[in-house]
1. In segment B:148-184, which residue that is within 14 Å of chain A (Cβ to nearest Cβ) and among the aliphatic types (A, V, I, L, M) is surrounded by the most Cβ atoms within 10 Å (Cβ to Cβ)?
2. Within segment B:159-177, which residues are part of a loop (DSSP other than H, G, I, E, B) and under 21 Å from B:Leu23 (Cβ atoms)?
3. Of all residues being under 20 Å from the mean Cα position of the chain (by Cα) and farther than 26 Å from B:Gly116 by Cα in segment B:45-73, which is surrounded by the fewest Cβ atoms within 10 Å (Cβ to Cβ)? Just the residue, please.
4. Check whether at least one residue in segment B:49-61 is within 14 Å of chain A (Cβ to nearest Cβ) and among the small types (Gly, Ala, Ser), and report yes or no.
5. With the checklist (1) crowded, with 21+ Cβ neighbours inside 10 Å; (2) at pLDDT below 95 in hand, flag the one item B:Phe337 doesn't pass.
6. Answer yes or no as to whether A:Val72 is more than 14 Å from every other protein chain (Cβ to nearest Cβ), loosely packed, with under 15 Cβ neighbours inside 10 Å and of a type in the set (A, V, I, L, M, F, W, C).
7. Report yes if some residue within segment B:113-122 is in contact (Cβ under 8 Å) with a residue 40 or more places away in the chain, polar (S, T, N, Q) and either touching a Cys at 6+ places or on another chain (Cβ under 6 Å) or crowded, with 24+ Cβ neighbours inside 10 Å (or both); otherwise report no.
8. With B:Lys203, B:Lys189 as the choices, which residue is among the charged types (D, E, K, R), surrounded by 12 or more Cβ atoms within 10 Å (Cβ to Cβ), modelled with pLDDT under 95 and assigned by TED's automatic domain parsing to the domain that holds B:Ser150?
Amino acid sequence: MYEIRFHGRGGQGAVTASKILATAAFLESKWVTSFPFFGTERRGAPVTAFTRIDEKKIELRSQIYEPDAVVVLDKSLMKVVNVTEGLKSDGVIIVNGKTGDLVEAGKYRVGYVDATSIALRNGLGDPSHPIVNTAILGAFAKVSNLVSLQSIKNATSDTVPSKKKENVNAIQEAYEETELN
Amino acid sequence: MEAVQSSRRIMTGNEAVATGVKLSKVKVVSAYPITPQTTIVEKLADMVANGELDAKYIEVESEHSAMASVIASELTGARSYTASSSHGILYMHENLHWAAGMRVPLVMSVVNRAIGPPWSIWGEQTDTFNQKDTGWMQVYCESNQEAMDSVILGYKIAENKKILLPLMNMLDAFTLSHTSEPVEIRDEKTAHDYLGDLDLDFKIDYKNPAGYGSLVAPDGPFMEMKKDMRDSMYNAAGIIREEISNFNNLFEANLPGLTENFMMEDADYALITAGAISSTAKYTVRKLREKGQKVGLIRLYFYRPFPGEEILKAVKGLKGLGVVERNVSYGQRGPTFEDVVSALYRRADVPVRNYVVGLGGRDIRVKDYEKMFENLVEGDNEMEWINVGVK
């Protein structure tokens, strides 16, 4: 079983990202669950969401405490939330930011991508509210090798209500521009 | 009947429920939104608005009125549905008795949410355990698949003329309602043929006016009607067993019986759970079995009628049984514990313990179930509150 935790802020699409990732793995015949840690929904407040992926039906329904991967949609969260808490020592972390933004990166396989610029370039959201959830999944596909880039694109097309082409472009660009550390 | 064509999709528990309503050819929906039920009724409102569901959607100002509306619409012969949660269910309580007492075979989904104060929007089953004596059948779902299937099966059972009692199907808040997972969507035509149209022998008919629920003197049929309700609920267990088996054959589904026995053969110690909290319990049982511990789980799918016979059979040979409550009662043990002990009274010799977990949405982890299994072996007979006062 592979467990992923998403950190974002209300309005950035962390919950949708967790669902798109689950859908991508589902398209590859895996069993999946995806769920938010549901706080009081406010734009800008820290949001956590989770995805589990396994070959067989998933029974575990608690929150994820020792993730295999962490995805950070907003780097400013790293000042208020311990995003690497419980992350397995060989874990993966994807940060929407530039190389070096994660201070204690040494132990982990880290992918950096400027998902904000990519989202804005593709007309996803506006400068005060960029929608980075699809771009960051392009980076996830590159760093994790868990699901294919094509499955992420297909799942995104299935899930997003509009701007399908723009979202798929953002995923491709993020995949190409992700820096591994 | 045609072969079942099925297809699998990822959906939340609330989406699964709304799809189950659509597959049940419901004609009237009336509901008042409340977190975490809201997305069920939003989805249904969308389906009615875009023509996917040929039904009337009645907006109301409260849950009490929502229940009053669907009682009335069902009495005209139109299959009706509502959904609620937490304080909404409490506000509806009076009309829950009216629905059951008037023998209206409604189905309602309840997303189990804590009761305030203090205020909480998270999961807990106290809201519906408080309704166990209203004459409604109760089903606690473990997965989104069951959430969908229980709506369709629910109408079949509720509308059975030997039963004619309403049914509520429960989903744990967020753990099912807002969790996405794969669900097999049942074939629409097969579901429609399976249920047919609602056929009530008594209907409101403006050409032949009649009174319903009027005053009955002490020597009138009041007590007889209550006894008939009790008998119908009691006898429903046998019909439900058959109907679940029919449902599974027709839809290639995998619903349990009134209960599910998980790794119970040769078990020494077992827990009893209801709802989606059972999944993590199963995960724990599997883990402890790998370490050689003979443990198992009994899951309550139906809670009303209470599956006493199933439990009696399952506990044979156990050295200890733990009843897990995700609800709270004051001044006595938990309601499930009382029901289990009553079912086993003078018929089984097994020590029974009682655990309270997961109130106000507190996460229930593998280590919590491990602690319960440890306590079953070593603990005293006090009611244990799990993961309380520890950080």
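1. To start, the set of residues in segment B:148-184 that are within 14 Å of chain A (Cβ to nearest Cβ) comprises B:171-184.
From what is left, the residues that are among the aliphatic types (A, V, I, L, M) are B:171, B:173, B:176, B:183.
Values: B:Leu171: 35, B:Ala173: 29, B:Leu176: 30, B:Val183: 24.
My answer is B:Leu171.
2. Of the residues in segment B:159-177, the ones part of a loop (DSSP other than H, G, I, E, B) are B:159-166, B:173-177.
Once the filter is applied, which keeps residues that are part of a loop (DSSP other than H, G, I, E, B) and under 21 Å from B:Leu23 (Cβ atoms), segment B:159-177 yields B:Glu159, B:Asn160, B:Ile163, B:Pro166, B:Leu176, B:Ser177.
3. Filtering first and then ranking leaves B:Ile71.
4. Looking through segment B:49-61, none of the residues is within 14 Å of chain A (Cβ to nearest Cβ) and among the small types (Gly, Ala, Ser).
5. Failing condition for B:Phe337: (2).
6. Working: more than 14 Å from every other protein chain (Cβ to nearest Cβ): yes; loosely packed, with under 15 Cβ neighbours inside 10 Å: no; of a type in the set (A, V, I, L, M, F, W, C): yes.
Criteria not met by A:Val72.
7. No, that holds for no residue.
8. Working: B:Lys189 fails: modelled with pLDDT under 95.
Result of the check over B:Lys203, B:Lys189: B:Lys203.
The values are calculated or read from the model by the stated rules, or taken from the named source; none is laboratory data. What you see is a predicted model, and the numbers here were worked out from it, not measured in a lab. Here the Cβ is made from the backbone with ideal geometry for all residues, glycine too, and neighbour counts use every protein chain on show.
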